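Novice: Just dropping this structure here.
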Amino acid sequence: MNFKEIIAKLPYEKPFLFVDEIIEINENGISGTFTFDASSDFYKGHFKNNPVTPGVILIETMAQIGLVSFGIYLMNESGEKMDEIQIALSSSEIDFFKPVFPNEKVIVKSQKEYFRFNKLKCKVEMFNLKDELVCRGKIAGMIAVKTSR
């Protein structure tokens with residue numbers, strides 16, 4: 001499964017797709033990028049005259065790259081046939097260190113803690129292009145697959 005096929009299997013679309021590219025992926029982890037478009041609605045009113053990306057959107061970006069994209073890869077590697085992916089985020093614990101501004105590109109890196117019984121738990125980190133740590137923590141979720149018969 002190549003990077004574009006993984007992104008195509010994501011259960012999101014614009015404006016709620018927060019994955020531009022997958023840089024690297026293997027059985028232990030994934031890294032990918034996203035650039036926050038300044039015209040996104042969530043910037044309107046999120047700090048007057050000084051828009052900042054909301055923390056919940058940063059968590060969603062980390063989850064889409066570091067958990068969902070990674071989970072799709074792992075499910076495919078296990079031989080699971082996938083017509084439709086359903087994800088249930090079960091927990092997140094994230095610490096924030098730097099703001100992310102409009103038009104800023106971030107890199108998400110995720111390392112698997114465990115993947116069993118379709119539950120994936122990962123350590124995730126987000127960096128800006130200056131290689132500064134934006135946020136980090138742990139995200140876990142359940143991955144369900146619908147297959148056609």
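Novice: Here is a check on your reading of the model: is residue 135 in contact with a Lys or Arg (Cβ under 9 Å, 6 or more places away or on another chain), among the hydrophobic types (A, V, I, L, M, F, W, C) and over 30 Å from residue 50 (Cβ atoms)? I'd like the intermediate steps shown before the answer.
Specialist: On the way: in contact with a Lys or Arg (Cβ under 9 Å, 6 or more places away or on another chain): yes; among the hydrophobic types (A, V, I, L, M, F, W, C): yes; over 30 Å from residue 50 (Cβ atoms): no.
Taking the combined requirement at face value, the residue does not satisfy it.
Novice: Tally time: how many residues in the stretch 36-56 are of a type in the set (Phe, Trp, Tyr) and open to solvent by 30 Å² or more (accessible area, probe 1.4 Å)?
Specialist: Total satisfying the criteria: 2.
Novice: Turning to a different aspect of this structure: Of these, 61, 33, which one is open to solvent by less than 20 Å² (accessible area, probe 1.4 Å) and part of a strand (DSSP E or B)?
Specialist: Details: 61 fails: part of a strand (DSSP E or B).
Answer to the selection: 33.
Novice: Any chance you could count how many residues in the stretch 79-108 are part of a strand (DSSP E or B), surrounded by 14 or more Cβ atoms within 10 Å (Cβ to Cβ) and modelled with pLDDT of 90 or more?
Specialist: Qualifying residue count for the region: 5.
Novice: Show the residue pairs that are 6+ apart or on different chains and have beta-carbon atoms under 7 Å apart, the first residue being within the stretch 109-129 and more than 14 Å from residue 61 (Cα to Cα) and part of a strand (DSSP E or B), the second being β-branched (Val, Ile, Thr) and at pLDDT below 95.
Specialist: Partner pairs satisfying both residue conditions: 120/143.
Novice: Pull out all pairs, ordered by first then second residue, where Cβ-Cβ is under 8 Å, the residues are six or more apart or on different chains, the first lies in the stretch 36-49 and is under 16 Å from residue 61 (Cβ atoms) and among the hydroxyl-bearing types (Ser, Thr, Tyr), and the second is open to solvent by 100 Å² or more (accessible area, probe 1.4 Å) and not in a helix (DSSP H, G or I).
Specialist: 40/15
Novice: What number goes with the only condition from (1) modelled with pLDDT of 95 or more; (2) open to solvent by 20 Å² or more (accessible area, probe 1.4 Å) that residue 135 does not pass?
Specialist: The number of the failed condition is (2).
Novice: If you don't mind, there's one more thing I want to ask. Please count how many residues of the stretch 1-21 are closer than 13 Å to residue 71 by Cα and among the β-branched types (Val, Ile, Thr).
Specialist: Residues that pass the stated criteria total 2.
The values are calculated or read from the model by the stated rules, or taken from the named source; none is laboratory data. The shown structure was predicted, so the numbers you read here are calculated from the model rather than taken from an experiment. Note that we place each Cβ from the backbone using ideal geometry, even for glycine, and neighbour counts take in every protein chain shown. Note: areas computed on protein heavy atoms with side chains; ligands, DNA, RNA excluded. Shrake-Rupley method; radii C 1.70, N 1.55, O 1.52, S 1.80 Å.
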